[in-house]
1. In the range B:33-47, is there at least one residue being surrounded by 15 or more Cβ atoms within 10 Å (Cβ to Cβ), of a type in the set (S, T, N, Q) and within 9 Å of chain A (Cβ to nearest Cβ)?
2. Which one of A:Ile81, A:Ile92, A:Ile66, A:Ile145 is among the β-branched types (Val, Ile, Thr), under 29 Å from B:Thr41 (Cα atoms) and modelled with pLDDT of 75 or more?
3. Somewhere in the range A:238-251, is a residue of a type in the set (Asp, Glu) and either more than 23 Å from A:Lys120 (Cα to Cα) or not assigned by TED's automatic domain parsing to the domain that holds A:Tyr130 (or both)?
4. What number of residues within the range A:197-222 are farther than 23 Å from A:Ser140 by Cβ and either free of Cβ contacts under 8 Å to residues at least 24 places away in the same chain or surrounded by 17 or more Cβ atoms within 10 Å (Cβ to Cβ) (or both)?
5. Select from the range A:122-144 the residues that are surrounded by fewer than 16 Cβ atoms within 10 Å (Cβ to Cβ) and free of Cβ contacts under 8 Å to residues at least 40 places away in the same chain and list them in ascending order.
6. Can we say B:Leu157 is modelled with pLDDT of 60 or more and not polar (S, T, N, Q)?
Amino acid sequence: MEEQSYRLITAYFEKTISDEGLTQLREWIEESPANLAQFSETIQILEASKAYTAQPLNQQKSWAGIQQYINQPLKAKNTRILRYKWLAAAAILLAVCTTTLAWYKHMLNAFTSIEYAEVKSVNGRHTKVYLPDSSVVYLSGGSKIKFAKGFDGKTRNVQLNGEAFFDVVHQAKPFIVNSGKISTVVLGTSFNVKAYSSQQKVTVTVNSGKVGVLATVNGKRKLVKYLTPDEQIEINTLNGLYAFGQTDAHAVSGWINNDLSFYNTALKDIAQSIEHHYGVHIDFTDPEQGHVKLTTKFDNVSLKQVMQTLSELSGLAYTQKGNQFFFTNTNQKGGSIMR
Amino acid sequence: MYLQLSDEELVGLLKVDDHLALENLFNRYYKSLCQLSAVYTKDFEIAEEVVANMFMKLWDTRNDLNLQNVKGYLSVSIRNASINQLQRKKLVVEPIDEVAHQLSNIADELTPLNIITGRESYNRILKLIDTLPTSQREVLLMSHVDNLSKHEIAAILDISVRTVETTLYQSVKKLRLLLKDSYNSAASN
């Protein structure tokens, strides 16, 4: 967000800004006095740094010097010596350049040097991740987290795309899970966050302690709700609507022990969990089929049993092709022309 | 007719000792190369000298040149020559207490009257620019060199366009911080 605002201001300064960008910039400036201050300070800095690059004054004189140089007849004796000097100079120059270049690269690395660790868990796999503060994260299939190695900042920041169960060690430094525009802030608790960017829905469930759920609206973070144990909030990130209530937090985080529980959940959402958990693809030959709501529980059962149970509960048939499953109406078989 | 020729065609003409071709290249790039050189030499007179010397060298080596990208070649050569110039003059190493001294001077000049006059805040920014980390300063100033795009800056510095952008934003951010600090220390004095 911050970089985006600098980008817009720079484009404005260079007069390369698009109409759309201009509108965006106006809205952003009107949002807060701090933004206006950032805008005017940035413009001032850009103007001043432009003034730093002056215009040459002696172009004619320089050219006259060059002209004189290129018009003089070559002196055979001197050229040879000159050429050697040139070579020596070139060699030194090369050495200098290489070292300065290496140094520049080093400098550049030094200050973009917050090192991040990224952990990915492929579909069908769970990963247990130990964070620098010795908090534990169980990462579900098809999920990834990213965090600064060392947690040196003022907060312990983690980016999450997917589902994960966090068991956070208590510290004065807030622990923040960022998933798109929704952030979950805690000091030390255990909770489950489900935020696959493909689903436009973030679900936070608390097992122990107190958790603050924040949403970024127009660049500002606002508290949505504090959650206490066995409370759950579901936020639709497309329209910003949310619902919260009591739930069995233990069942929600059961997936870390291969126990999957679904309470009145749409079959398409169940299918997505199964995809991540078992590493398969599940398609509906008719999207309508995915809307049926089911309540069921799978404790460490095989994929085949899962599919059979779902098929019985939903009244749908399924066809298996390798690790691809198709839900169909009972009198049909399924397949895909894509594979 | 020379105006319509590409840079590469002009360099080709240098091989048949065409002075006009050199003059056209000179007119095309003198200004922006001087600006680029000044980023390092911090002195426009020296910058003009460096650029003039480079055109003489270009003439001397005209028979060995086979350039795909003349503008890129000239820019990199000027950057190298300028850094080289600094090393020779030993201007590049500024002791840290020197920088700290400069910074305290900046704070000294901050009377309320100075703060409200725009000219003064300009000058303060100009001084603060020289206290930026080298690569931030370099990218910030290079972004104001005439006709030098982000892509060309990235090529000259051998970094990605993305890094150029990020470094630029970081430099502005850093300058805002430095400015705030200098205001604050002025207020507390």
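The values are calculated or read from the model by the stated rules, or taken from the named source; none is laboratory data. Computed from a prediction, not measured in an experiment: that's the story for all the values here. Heads up, the Cβs are rebuilt from the backbone with ideal geometry, glycines too, and the neighbour counts pull from every protein chain shown.
1. Scanning the range B:33-47, I find at least one residue that is surrounded by 15 or more Cβ atoms within 10 Å (Cβ to Cβ), of a type in the set (S, T, N, Q) and within 9 Å of chain A (Cβ to nearest Cβ), so the answer is yes.
2. Checking each option against the conditions leaves just A:Ile66.
3. yes
4. The number of residues fulfilling the criteria is 1.
5. A:Lys128, A:Tyr130, A:Pro132, A:Ser134, A:Val136
6. Yes, satisfied.
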